[in-house]
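S.K.: Take this structure first; my questions come after.
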Amino acid sequence: MNVGPEPLLRVHGISKAFGGVQALSGVSLEIARRSIYGLIGPNGAGKTTLFNVITGFIAPDAGTCTLDGRRLTGEPVHRVVQLGVARTFQNIRLFHQMSALENVMVGMHARSTAGALGAVLRTRRVRDEEARMEAAAHALLERVSIAAHADAPSGSLPYGLQRRLEIARALASSPKLIALDEPAAGMNASETASLRELIDALREDGTTVLLIEHDVRLVMGLCDRVAVLDHGQLIAEGVPAAVQSDPAVIEAYLGAPAAPVATAVR
Amino acid sequence: MPRLPIPAGMSDAAGRSPLAQGALLALATAALLLAPFLVDALLGRAWVRVLDLVMLYTMLALGLNIVVGFAGLLDLGYIAFFAVGAYLYALCASPHFGLHLPFWLLLPAAALVAGLFGMLLGAPTLKLRGDYLAIVTLGFGEIIRIFLNNMNAPFNLTNGPQGITMIRPIEVAGVSMAKAHAIGPLSIPSLYNYYYLFLVLTLLVVFVSARLQHSRVGRAWVAIREDESAARASGVNTRNLKLLAFAMGASFGGIAGSLYASFQGFVSPESFGLMESIMVLCMVVLGGMGHIRGVVLGAALLVTLPEALRYIGPLQRWLFGQVHIEPSDLRLLLFGVALVVVMRWRPAGLWPSAIRHREFAAARATADNAVTGHRTGGSADAGSAP
């Protein structure tokens, strides 16, 4: 379980119930610095709930998350972003009436300070900050290879580029951990391949990546470690090869091997 | 030619040369300075008053534009802040309490107090969106109006439905707005004084709006409008920024309100009903939500149109020799028809911001393509299929 002397993210004993449904029960895991960590599991296993707990969107019933030893649980979302966790959404959520560049600049909100008074007076400090943000946003668009679309309304970009823009917006908050919710969903093979390159490059730059993904090939090929959730419980955790051959994982995905006939009849 | 980035602040969207820009600016300045003289000479003194009201409503509409247009918070009780500003001025500069505080003190006080009321409304509604928020704000607006209406007993705070009269006119540096002043051979009547004062403050409100729009704060507001969860995930403190939007918008309303009180010399609760809130909202939506120039246009049109429609009577007499339909019967009907027509043919408003315009155009093009694509058998689909 313990992956290193000092993991970046520590998730400890997270439980969450929605009404009578126990979405997560006592999930604990650790994500090492500069790694790509995969989170997989069948539909309804609790992946997205765990994701929302880590990013501050949902408060857990029990348990804590800490990033670099600082507690995330209980903090509002914008504080979690400030502490160093950024996320993307399963169904892309961009600010459609803003240009791609402005989308990324909004992503820098937690790392900038200009207030209303500064905006009205447009002091030297505010102008400098604005110029710095614009340059950094251009660099980020370059980074995800959509610099040519900087001024296009984000809603007009093709699907694959919207995904990239959303990643750029998340990167704009200079996160220590970037959490990607099914980034390859709906992508074709070549788009997935270039996404894979991008995620690999993020790790090279020193960002830690948490990945929820249905594309098992992508997860197994890309991740350093993988956790498998089923019915809200962590049923396996380890390097991809070990997880892939874990009987509990095979059972969760394919059903119990003891009852093949019953499954076929049903 | 590479496409220019989205125009920022006051910069020129059409890419005109500096010389042309300068000429345009000079022309606009001259037009704004001479407007009351021209309007008076061409249309009569009553229209100078309309011009003053255009300025007041522009300030109001720009305030609501921050809340509705930028931050996307549907507020149906906005006129309450106008009322707060108006009553603050009325109570502090009339014989009602015998107070005669100076204008330069009351104007910022009105902005501040209205801003506080804005936060008061904002705080309990932070988790509400769309229609639910609209209902609560509507209630808030009505509460303020009913409060003003009923607070004449046991302690006579607002003088109830009779309202407050004999409000002192504004004095700037010893110059009373209510009197005509002579500058050389030129006589400047009271309505002109107010025009110039309102003009200065309107320009200030436009300036503040424009600066806010193209700033970190303005972007965060639009982000909240577009997708609140994504805004939070981008690190935007949505609670504080929504409160700020309510407070800023309300303070513009408060400024306009205090000016209105001194301009009219009289305030009563019935000036602050729901219809007024709706009217200001119409100005914002019809002009082009979130686009400052559009909102100014919306305010100017919706203030002048009902006045212009008064000419239906004389027009009928001129055409038919007699008045067939009373203008008062037709006025609101035509006004309503105009609103419907505009929203049908220009759903993004008369003068939407460039990017909003593009998006609406794109949506229409997609819809058209879907139709034509269907007709031609979807050849595009066949081509892209592997």
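The values are calculated or read from the model by the stated rules, or taken from the named source; none is laboratory data. All of these numbers come straight from a predicted model, not from anything done at the bench. Here the Cβ is made from the backbone with ideal geometry for all residues, glycine too, and neighbour counts use every protein chain on show.
S.K.: B:Arg216 versus (1) touching a residue at least 40 places away in the same chain (Cβ under 8 Å); (2) within 14 Å of another protein chain (Cβ to nearest Cβ): which is the lone unmet condition?
M.R.: Status for B:Arg216: all satisfied but (1).
S.K.: Let me ask you something else. For region B:226-244, state whether one or more residues are at the interface with chain A (Cβ under 10 Å from one of its Cβ atoms) and farther than 22 Å from A:Glu75 by Cβ.
M.R.: Within region B:226-244, one or more residues are at the interface with chain A (Cβ under 10 Å from one of its Cβ atoms) and farther than 22 Å from A:Glu75 by Cβ.
S.K.: Condition first: more than 10 Å from every other protein chain (Cβ to nearest Cβ), among the hydrophobic types (A, V, I, L, M, F, W, C) and under 24 Å from the mean Cα position of the chain (by Cα). Now tell me which residues in region A:97-140 satisfy that. Talk me through it step by step, then tell me what you get.
M.R.: Looking only at region A:97-140, we keep the residues that are more than 10 Å from every other protein chain (Cβ to nearest Cβ), and these are A:100, A:123-125, A:127-128, A:131-132, A:135-140.
The next check asks that each one be among the hydrophobic types (A, V, I, L, M, F, W, C); those that pass are A:100, A:131, A:135-137, A:139-140.
Matches in region A:97-140: A:Ala100, A:Ala136, A:Ala137, A:Ala139, A:Leu140.
S.K.: What residue, among those in region A:151-173 that are facing another protein chain (nearest Cβ under 8 Å) and small (Gly, Ala, Ser), is nearest to the chain's Cα centre (by Cα)? Write out each step before concluding.
M.R.: At the first step, the residues of region A:151-173 found to be facing another protein chain (nearest Cβ under 8 Å) are A:151, A:153, A:155-156, A:169-170, A:172-173.
From what's left, small (Gly, Ala, Ser): A:155-156, A:170, A:172-173.
On the way: A:Gly155: 21, A:Ser156: 24, A:Ala170: 9, A:Ala172: 14, A:Ser173: 13 Å.
Only one residue fits best here, namely A:Ala170.
S.K.: Related question: Anything in region A:56-73 that is among the hydroxyl-bearing types (Ser, Thr, Tyr) and in contact with a helix residue (DSSP H, G or I) (Cβ under 6 Å, 6 or more places away or on another chain)? List them, or say none. Don't jump to the end; show me each part of the working.
M.R.: As a first pass, look at region A:56-73 and keep what is among the hydroxyl-bearing types (Ser, Thr, Tyr): A:64, A:66, A:73.
The answer is none; no residue qualifies.
S.K.: Only residues that are touching a Pro at 6+ places or on another chain (Cβ under 9 Å) and assigned to a helix (DSSP H, G or I): list them for region B:288-314, please. Don't jump to the end; show me each part of the working.
M.R.: Initial filter on region B:288-314 (touching a Pro at 6+ places or on another chain (Cβ under 9 Å)): B:288-291, B:294, B:309-314.
Those that are touching a Pro at 6+ places or on another chain (Cβ under 9 Å) and assigned to a helix (DSSP H, G or I): B:Gly294, B:Leu309, B:Arg310, B:Tyr311, B:Ile312, B:Gly313, B:Pro314.
S.K.: Looking at region B:79-99, which of its residues are surrounded by fewer than 24 Cβ atoms within 10 Å (Cβ to Cβ) and touching a strand residue (DSSP E or B) at 6+ places or on another chain (Cβ under 6 Å)?
M.R.: Across region B:79-99, the qualifying residues are B:Cys92, B:Ser94, B:His96.
S.K.: Condition test on A:Leu171, is it modelled with pLDDT of 95 or more and either within 25 Å of A:Leu8 (Cβ to Cβ) or of a type in the set (Asp, Glu) (or both)?
M.R.: On the way: modelled with pLDDT of 95 or more: yes; either within 25 Å of A:Leu8 (Cβ to Cβ) or of a type in the set (Asp, Glu) (or both): yes.
Spelling it out, A:Leu171 is indeed modelled with pLDDT of 95 or more and either within 25 Å of A:Leu8 (Cβ to Cβ) or of a type in the set (Asp, Glu) (or both).
S.K.: Look at A:Asp68 and say whether it is surrounded by fewer than 21 Cβ atoms within 10 Å (Cβ to Cβ), more than 12 Å from chain B (Cβ to nearest Cβ), in contact (Cβ under 8 Å) with a residue 24 or more places away in the chain and touching a Ser or Thr at 6+ places or on another chain (Cβ under 9 Å).
M.R.: Numbers: surrounded by fewer than 21 Cβ atoms within 10 Å (Cβ to Cβ): yes; more than 12 Å from chain B (Cβ to nearest Cβ): yes; in contact (Cβ under 8 Å) with a residue 24 or more places away in the chain: yes; touching a Ser or Thr at 6+ places or on another chain (Cβ under 9 Å): no.
Answer is no for this residue.
S.K.: Separate question: Going residue by residue through region B:247-255, is there one that turns out to be hydroxyl-bearing (Ser, Thr, Tyr) and within 11 Å of another protein chain (Cβ to nearest Cβ)? Let's see the steps before the verdict.
M.R.: Filtering region B:247-255 for residues hydroxyl-bearing (Ser, Thr, Tyr) gives B:251.
Still in the list and also within 11 Å of another protein chain (Cβ to nearest Cβ): B:251.
Yes, some residue in region B:247-255 is hydroxyl-bearing (Ser, Thr, Tyr) and within 11 Å of another protein chain (Cβ to nearest Cβ).
S.K.: Any residue that is without any contact (Cβ under 8 Å) to a residue 12 or more places away in the chain and in the same structural domain as A:Glu182 (by TED's automatic domain parsing) - is there at least one of those in region A:83-92? Walk me through how you get there before you give the answer.
M.R.: Start the filter on region A:83-92 by keeping residues that are without any contact (Cβ under 8 Å) to a residue 12 or more places away in the chain, which leaves A:91.
This time we only want the ones that are in the same structural domain as A:Glu182 (by TED's automatic domain parsing), so: A:91.
Yes, the conditions are met somewhere in region A:83-92.
S.K.: Here's a check for you: in region A:80-96, which residue that is of a type in the set (A, V, I, L, M, F, W, C) and in a loop (DSSP other than H, G, I, E, B) is farthest from the other protein chains (Cβ to nearest Cβ)? Steps first, please.
M.R.: The initial filter retains those residues of region A:80-96 that are of a type in the set (A, V, I, L, M, F, W, C), namely A:80-81, A:83, A:85-86, A:89, A:92, A:94-95.
Of the ones still in play, those that are also in a loop (DSSP other than H, G, I, E, B) are A:89, A:92, A:94-95.
Details: A:Phe89: 7, A:Ile92: 9, A:Leu94: 7, A:Phe95: 4 Å.
The extreme case among them is A:Ile92.
S.K.: While we're on this one: What tally of residues in region B:252-278 results from selecting those that are assigned to a helix (DSSP H, G or I) and either among the β-branched types (Val, Ile, Thr) or over 13 Å from the mean Cα position of the chain (by Cα) (or both)?
M.R.: Step one: filter region B:252-278 for residues assigned to a helix (DSSP H, G or I), giving B:252-264, B:269-272, B:274-278.
The next check asks that each one be either among the β-branched types (Val, Ile, Thr) or over 13 Å from the mean Cα position of the chain (by Cα) (or both); those that pass are B:255, B:258-264, B:269-272, B:274-275, B:278.
Residues that pass the stated criteria total 15.
S.K.: Being modelled with pLDDT of 90 or more and farther than 25 Å from B:Phe252 by Cβ is the filter here, so list the residues in region B:286-339 that pass it.
M.R.: Within region B:286-339, no residue meets the criteria.
S.K.: Quick check on region A:107-125. Is at least one of its residues within 30 Å of A:Gly46 (Cα to Cα), without any contact (Cβ under 8 Å) to a residue 60 or more places away in the chain, touching a Ser or Thr at 6+ places or on another chain (Cβ under 7 Å) and assigned to a loop (DSSP other than H, G, I, E, B)?
M.R.: No - not one qualifying residue is present in region A:107-125.
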